[in-house]
Amino acid sequence: MLAKGTLYVCATPIGNLGDITLRVLDTLREADLIAAEDTRHSRKLLQHYQIKTRMISYHEHNEKKKSLELVEKLKSGQAIALISDAGLPGISDPGTEVIRLCLAENIPVDVLPGPNAALTALVLSGMPADHFAFHGFLPSSSKARKRSLEQFANLPQTQIFYEAPHRLLATLQGMSEYFADRSAAVVRELTKLHQQVHRGTVLELIESFEKSEPRGECCIILAPYVPVKPVGGPKEWCSEVKEIVDSGVCKKEAMKEVAKRYGIKKSEVYQALLSSEQEPDDEH
């Protein structure tokens, strides 16, 4: 029996319709109303389990307005189930706004756990799972995406990203600037018939997806940053920058590559170059 005036946040399958809890099914049947991210998508789930509860749409474009309406319905005593297209509402899906309003109004909120793409992909990838950072979707603009990736470059924990198939290659290419030789995995079509895990370095994954266009929603799992013990010194750094520049790469990219090789900051390479350029020529 559901409590009146309570918002039930329900996790739904991320692919396989069998991955739903008995508790969520009971809640969807007994609720006065279901707020769904996409009613057309969720109707397939409800029809599969012969659930006839009325639905209304609750998505990113109407979230603020609908949240206010849902709060009023909850105040009137209705029990409402909140679902997204897949997984848990509020995790890269609409839900945070209505939960925030409910807590501000002292309206009871209950979360019914279940499938989650990020955690499923993390375990499936085989990457360290004792500490991890979940980033969801990166910004769509290349400038903002680059800024985010730069901040994530030296995080010492496994990192989890969501990405749409049509943007996967561009995102991996953006990552290559900061995570080129880092181990990574792309997990696709989670829990579905054609579920796949692609493992390799970021550069190897780019090469793979350049040959075969990905399908289905993707999770990118990135290995933790492990600092490299500095080897050599300013002389070696400058020499390698010169070699890279001579091969046709611009100086800025050459400095970045050498910094990555030695596990040092680009500014250290830059200072070494400045110092070497200021040194007097050997008279002998």
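For the pair Ser76 and Arg23 in one chain, pulling the backbone fully straight at 0.36 nm per residue adds 16.7 nm over the alpha carbon distance. Residue exposure proxy: Tyr178, Tyr49, Tyr58, Tyr270, ordered by other Cβ atoms within 10 angstrom of their Cβ from fewest to most, comes out as Tyr49, Tyr270, Tyr178, Tyr58. Summary of packing: across the peptides 103-111, 75-83, the per-residue average of other C-beta atoms within 10 Å ranks them, highest first, as 75-83, 103-111.
A Förster radius of 45 Å combined with the Cβ-Cβ distance from Thr201 to Ala104 puts the calculated FRET efficiency at roughly 0.45.
Per residue of the chain, the DSSP helices (runs of n ≥ 4 H) give a summed -39500 (n - 2.57) that works out to -13500 deg cm²/dmol at 222 nm. Taking amide H atoms as placed 1.01 Å from N in the peptide plane, the amide H of Thr158 lies under 5 Å from those of His131, Ala133, each 5 or more residues away in sequence or on another chain. Using the Cβ-Cβ distance between Ser275 and Ala153 with R0 set to 25 Å, the FRET efficiency from 1/(1 + (r/R0)^6) comes to roughly 0.50. Residue order for Lys143, Lys65, Lys242, fewest other beta carbons within 10 angstrom first, comes to Lys143, Lys65, Lys242.
Each Cα pair under 8 Å and six or more residues apart adds its separation to the average, and for region 118-222 the resulting relative contact order is 33 percent. Across the chain, C-alpha contacts under 8 Å between residues 6 or more apart give a mean separation that, scaled by the residue count, equals a relative contact order of 16 percent.
Computed from the coordinates by the stated procedures, all read-outs in this text should not be read as laboratory data. Here the structure is a predicted model, which means the values were calculated and not measured. Glycine also receives a Cβ, built like all others from the backbone with ideal geometry; neighbour counts cover every protein chain displayed.
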